[in-house]
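Data block below; observations after.
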Amino acid sequence: MALAQPGSGELPERTASLRGGLATTACMETLQIGYLHAVAAAAGCSLSQPFPDSGIDWHVSHSAPGHTVDDEVTVKVQLKATHQIPPHPSGPAFSFTLDNAHLVKLARTPVSVHKILVVMLVPRSREDWLRAGHDRLDLRHCCYWTNLAGHPVTGRHRTTVRIPTSRIFDDRALCEIMTRVGRGGRP
């Protein structure tokens, strides 16, 4: 195992580790929940998980003195993850396919609480998901978000939607989403 030079900012190379037998899709779900938690923490948001889950994974709430519609606003978040789309997708958007039942829930308009879809692109191999060093934890690859309000169902059972590559889901994006919603706008 090669070690990075102290202070170089490089993370050490890794050797293969014995992974648990949990299904890859379950691990992807756990990884994207960790990503959401990190983004919410950095944005100063609180998280709650509806129980039972009725097709929406998380509620993200944000309190700020600049909100005009209420002192705290909430956005509903549906998480999805895939390893079938390579990192750094080229072009202004990438295609992602949703079951029509999920799309109907996310596309409903008007709503009292806005919804967003957050799609995480994950490396195929779990060995490539994380790298830790003394000064950081790198989580790969990236989450992108979109608001599908008003999007039509076009497929028989599933519909392909376009996810803008300009909408990286991070703490700044979440704060901007909450600011718009807090002023009475859309995400």
Built amide H within the under 5 Å cut-off of Cys142, gap 5+: Leu121
Share, in percent, of DSSP beta bridges within the range 53-187 that are antiparallel, nearest 5: 75 percent
Heavy-atom accessible area ranking, 1.4 Å probe, most first, across Lys105, Lys76: Lys105, Lys76
Cut-off 17 Å, label 7 Å out along Cα→Cβ of Asp70, residues of the range 143-187 by amide N: 177-187
Normalised contact order of the chain, rounded percent, pairs of Cα under 8 Å and 6 or more residues apart: 23 percent
Filtered trypsin sites (Lys or Arg not before Pro), the range 120-187: DSSP coil and at most 15 other beta carbons within 10 Å: Arg124, Arg140, Arg156, Arg183
DSSP loop GluC sites (Glu not before Pro) with at most 16 other Cβ within 10 Å excluded, longest remaining stretch of the chain: 14-187
Label-point gap, in nm, between Ser46 and Arg172 - each point 7 angstrom along Cα→Cβ: 2.8 nm
Degrees between helix 24-43 axis and first principal axis of the chain (Cα, 0 to 90, nearest 10): 70 degrees
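For Leu18 and Val111 in one chain, what is 0.36 nm times their gap in residues minus the Cα-Cα distance, to one decimal in nm?
28.9 nm
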Within the range 121-146: backbone nitrogen closer than 17 Å to the His37 label point (7 Å, Cα to C-beta): 130-132, 137-140
Candidates Pro89, Pro50, Pro110: whichever shows maximal mean-square fluctuation once the chain is modelled as a Gaussian network with Cα springs under 10 Å: Pro110
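The values are calculated or read from the model by the stated rules, or taken from the named source; none is laboratory data. Only a predicted model underlies this, so the values are computations on that prediction, with no experimental measurement involved. For neighbour counting, all protein chains shown are included, and Cβ atoms are generated from backbone atoms with ideal geometry for every residue, glycine included. All accessible areas refer to the heavy atoms of the entire protein, side chains included, with ligands and DNA or RNA removed. Shrake-Rupley method; radii C 1.70, N 1.55, O 1.52, S 1.80 Å.
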